[in-house]
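Engineer: Quick one: the structure is below, and I'll ask about it shortly.
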Amino acid sequence: MVNPAKYISSNEMQKCIISIVIKEFTKNLKSISGICMDVGCGPGDITNNILLPSLDSNSVIIGTDIQMTMIEYAKKVYSHNTRLKFEMLDIQTKNLPEKYISKFNHIFSFFTLHWCDELRKVFENIYCMLQPGGTMLIVFPIHHVIFDVLKNIAHNFRFAPYLQNLNKYIPLFYNSAVPNEDLKDLLESIGFNVQHCKLWEDFFDTNPDVFLTSCLSVCTILDVIPPELKEEFEDEFRREYKIKLYVLFHRVISSLWLLHTGHGNACRAAKCDAVANKLTTPNMFIGYRVSFYQQAFLRAELFQGAELLAARKIAPLLHQFRQDRNKE
Ligand SMILES: C[S@@+](CC[C@H](N)C(=O)[O-])C[C@H]1O[C@@H](n2cnc3c(N)ncnc32)[C@H](O)[C@@H]1O
C-alpha cells in the first residue's frame with residue numbers, strides 16, 4: 001500500500017533532481033501554457049510546489065497516477081488550486097480514455113516510468129495524448145543500487161516465491177550499455193522528434209534511511225508480499241541496501257588509499273581506478289566516488305552490526321581487493 005504522506009516526508013532527493021532539471025529548462029518551461037499532464041504525480045507536492053510555478057501562469061496541469069491513494073491525497077491537499085486537477089490513469093493502459101487523446105500541449109513525468117515494464121506502450125500513449133507540436137519532459141532512473149538490492153532479495157528463499165515477476169520492477173534499459181541511445185531509438189520509432197536525451201551519472205547524496213523510506217512508501221512490490229512477511233521484507237530491503245553502500249564505500253576508500261600511496265602517480269591512479277571499476281559497475285563507482293565522506297557514518301553504523309559483517313559477502317570482496325592491492 002503506497003503512503004503519500006510518508007513519500008512527501010522523504011522525497012528530498014527527487015525534489016532536488018527535479019529542481020535541477022527544471023532550472024536547466026527554465027526558459028522553455030516559462031513559455032509553456034495550455035493543458036499539461038504530470039504522469040505519475042504521486043501525492044502532488046512536486047506538481048504543485050515545483051512544476052506549476054515554473055510554467056506560464058496560463059497553464060493548467062492534470063496530475064495523473066495509477067494509485068487511488070495518491071490521487072485522493074493530492075485532491076484533498078491541492079484542490080484549492082484552480083490550475084490543478086488530479087485523476088487516476090495507468091499510463092500503460094491499452095484503452096486510453098478518449099478524453100485524453102490529442103488534448104495536451106505538454107506532458108511531464110518524474111521518477112515514474114521506471115515502474116513501467118511496457119515502455120513502448122507508455123510512450124505510444126503519451127504520443128497520442130499530445131497535440132501536434134506538443135512536448136514531453138521526463139526524468140526516470142535507469143541504474144541504481146536499489147535494483148541490485150531487489151535482485152538479491154529475489155534470491156532469498158523466503159521472498160523468492162513472491163518475486164517471480166521481478167523483471168517488471170527492473171527498468172527496461174537497466175542492462176543497456178547505452179540507455180540514452182536506446183531510449184532515443186524507441187522514442188523516434190514512435191514518432192517523437194528527440195531534441196535532448198541525456199544519461200545523467202551524477203550522484204545525489206541523501207541519507208540512506210530517508211531514501212529507503214521514500215522507496216518503500218511507493219513500492220508496490222510490498223503488495224505481493226504476505227502480511228506476515230512484510231516487516232521482514234522491509235528489514236531485509238534496508239539491510240541489503242546498507243550492505244551494498246558499505247561495500248561500495250569500502251571499494252572507494254580502498255581506491256582512494258591506493259591513490260594516496262601512489263603520490264599522485266598518474267599510472268598508479270589509473271590502475272586504482274581499474275581495480276575499483278573491476279569490482280563494481282562503472283556507473284556505481286562514478287556514483288559513489290563523490291560521496292564517500294557522507295558514507296563514513298554508514299561504515300560505523302554497520303560495524304556495530306557484527307551479524308551483518310559475518311553473514312554477508314563483504315569479507316571475500318575485501319579479501320580480493322587486498323590481494324589485488326598487494327599484487328600492485
Ligand atoms: C516515486 S513516485 C513519483 C511521484 C512524483 N512524480 C515525484 O517525482 O515525486 C512514482 C509514482 O508513479 C506512480 N505510478 C507507477 N506506475 C504507474 C503507472 N503505470 N501509471 C501511472 N502512475 C504510475 C506511482 O503510483 C507513484 O505515485
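Engineer: Between ASN28 and ASN156, take the C-beta separation as r, use R0 = 35 Å, and let me know the FRET efficiency to the nearest 0.05. Let's see the in-between values first.
Structural biologist: On the way: r = 45 Å, r/R0 = 1.30.
Given R0 = 35 Å and the Cβ-Cβ separation, E is 0.15.
Engineer: Rank these for me by crowding, HIS80, HIS155, going from fewest to most other beta carbons within 10 Å.
Structural biologist: If I rank by nearby Cβ atoms, fewest first, I get HIS80, HIS155.
Engineer: Over 24 Å between C-alpha atoms is what I'm after, so list which of LYS6/LYS103; LYS30/LYS76; LYS75/LYS99 land there.
Structural biologist: The pairs that break the limit, which is 24 Å between Cα atoms, are LYS6/LYS103; LYS30/LYS76.
Engineer: Check which residues have an amide H placed less than 5 Å from THR135's amide H, if you skip close sequence neighbours.
Structural biologist: Amide H neighbours of THR135: HIS106, ILE107.
Engineer: Next up: At 0.36 nm per residue, and after removing the present C-alpha to C-alpha distance, how many nm does the segment from ASN165 to LYS75 gain when stretched out fully? Walk me through the numbers before you get to the answer.
Structural biologist: Numbers: separation 90, 0.36 × 90 = 32.40 nm, distance 3.21 nm.
Full extension of this stretch gives 29.2 nm more.
Engineer: Take TRP200, TRP115 and order them by how many other Cβ atoms sit within 10 Å, fewest up front.
Structural biologist: Ordered from fewest to most neighbouring Cβ atoms within 10 Å, TRP200, TRP115 come out as TRP200, TRP115.
Engineer: Another question, then. Setting aside same-chain residues fewer than 8 positions from LYS244, which lysines have a Cα under 19 Å from its Cα?
Structural biologist: Straight-distance partners of LYS244: LYS151, LYS278, LYS313.
Engineer: With 10 angstrom as the radius, rank GLU72, GLU240, GLU98 by how many other C-beta atoms surround their C-beta, starting from the fewest.
Structural biologist: GLU98, GLU72, GLU240
Engineer: Grab the other residues whose beta carbon is less than 13 angstrom from that of ILE91, score K and R as +1, D and E as -1, and report the net.
Structural biologist: Numbers: positive: LYS94, ARG120, LYS121; negative: ASP38, ASP65, GLU87, ASP90, ASP117, GLU118, GLU124.
Its environment carries a net charge of -4.
Engineer: For the range 32-132, treating each Cα as an identical point scatterer without solvent, what Debye log10 I(q)/I(0) comes out at q = 0.10, 0.13, 0.14 1/Å?
Structural biologist: Computed log10 I(q)/I(0) values: -0.24, -0.41, -0.47.
Engineer: Would you please state which residues of the range 70-101 a label at CYS128 would reach in this model, taking the label point 7 Å out along Cα→Cβ and a backbone N cut-off of under 15 Å?
Structural biologist: 89-101
Engineer: Roughly how many nanometres apart are two label points built 7 Å out from the Cα toward the Cβ at HIS196 and ARG83?
Structural biologist: 2.0
Engineer: Once you have the Cα-Cα distance between ASN95 and ASP182, take 0.36 nm times their residue separation minus that, and quote the gain in nm to one decimal.
Structural biologist: Additional length available on full extension: 28.7 nm.
Engineer: Go through the range 136-151 residue by residue and turn each phi into a ³J(HN,Hα) via Karplus (6.51, -1.76, 1.60, θ = phi - 60°); whole Hz please, and just put x for glycine and proline.
Structural biologist: For the range 136-151, the Karplus curve yields 10, 10, 10, 9, 8, x, 10, 10, 6, 3, 4, 6, 5, 4, 4, 4 Hz.
Engineer: Here's something else I'd like to know. Give me the mean projected area, in nm² to one decimal, of the convex hull enclosing the Cα positions of the range 157-207.
Structural biologist: 6.3
Read-outs throughout are calculated quantities, based only on the coordinates presented, and are distinct from any laboratory measurement. Computed from a prediction, not measured in an experiment: that's the story for all the values here. Note that each Cβ is placed from the backbone with ideal geometry, even for glycine, and that neighbours are counted across all protein chains shown.
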